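Notes for the one structure printed next.
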Amino acid sequence: CIAENQYLDFIELNSATVAMKNVTITGCHFKGNVGFNPAAKGSNTELRFVGATEVNNLTITNCIVEEVWGDSAIHLEDVEEHVIISNNIFRRCNTIYGYIQNIAPSKEVNISANIFDHDTVTSTDKFIDVSTTGSEGRLNIVGNKFFGSTYATAVSISTGDNNVVSSNSFKACATAIVCSGGSTQIITNNDIFGYSGASGIIAGGRYVSAT
């Protein structure tokens with residue numbers, strides 16, 4: 001399916017009182033929100049590709065997501081388990097919090113083999129944002145490719161335990177990975193290209209090239 005010039009969320013899975021189960025979203029091409037402005041950060045919360053609240057066994061694969069102008073392209077909230085976000089392309093989004101926002105409490109979220117391509121004229125601060133007290137982990141961020149900008153943080157983890165960031169490639173991100181909360185974060189075997197001084201990554205990576 002193809003969605004273009006959306007006024008609100010393309011897909012809203014809001015099951016705040018009774019858990020929704022077994023949802024698969026695949027092969028979609030989201031071509032952006034009405035009023036998208038590449039030079040200004042998102043202006044409305046619910047201008048997303050997918051907004052999901054209390055959904056178990058959610059799979060999002062093989063999608064192309066462009067020009068999202070809400071709080072995030074994919075928003076995960078409230079006791080979500082067994083989430084797979086894999087083999088998607090995210091590019092030229094300008095969101096409030098990040099391309100993928102995982103807030104309290106979600107666990108067993110797997111983000112793998114995606115491409116995050118950040119146009120340098122947009123002002124999104126983060127690609128993946130793990131935030132809000134109560135996130136349970138485990139979040140697995142494995143085998144993704146991040147093409148950043150001089151001011152973007154690729155992965156920001158401020159809560160949750162036992163999260164894994166492994167075997168990713170970061171190119172031209174101002175900061176590749178930041179961990180400011182939680183405990184026992186596992187960060188290993190990431191490659192960082194085009195880093196900016198000591199701010200490139202806090203642990204578990206190898207600097208490949210300064211350009």
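The values are calculated or read from the model by the stated rules, or taken from the named source; none is laboratory data. Note that the structure is predicted; figures quoted are calculated from it, not measured. Ideal geometry is used to build each Cβ from the backbone, glycine not excepted, and the neighbour counts take in all protein chains shown. For the accessible areas, the whole protein counts, side chains as well, though only heavy atoms, and no ligand, DNA or RNA atoms are used. Shrake-Rupley method; radii C 1.70, N 1.55, O 1.52, S 1.80 Å.
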Requested in this report: Find how much the distance from Ile2 to Asn162 grows on full extension, using 0.36 nm per residue of separation minus their present alpha carbon separation; answer in nm with one decimal.
Outcome: 54.0 nm
Query - Exposure rank, largest accessible area first [Phe127, Phe147; 1.4 Å] - result: Phe147, Phe127
Query - Accessible-area value, Lys21, 1.4 Å probe, nucleic acids and ligands omitted, Å² - result: 130
Requested in this report: In nm, give the distance between the simple-model label positions of Ile115 and Glu46, each being 7 Å from the Cα along the Cα-to-Cβ direction.
Outcome: 3.3
Requested in this report: For Thr188 and His29, calculate 0.36 nm times their separation in residues minus their Cα-Cα distance, and state this gained length in nm to one decimal.
Outcome: 54.0 nm
Query raised in the report: Fully extended, how many nm does the chain gain between Lys21 and Ile89 (0.36 nm per residue separation, minus their Cα-Cα distance)?
Result: 22.0 nm
Query raised in the report: How large, in percent, is the carbon and sulfur part of the accessible surface of segment 67-109 at a probe radius of 1.4 Å?
Result: 49
**Report entry** Sites Ser180 and Arg138, calculated FRET efficiency, Cβ-Cβ separation with R0 22 Å, nearest 0.05
**Finding:** 0.80
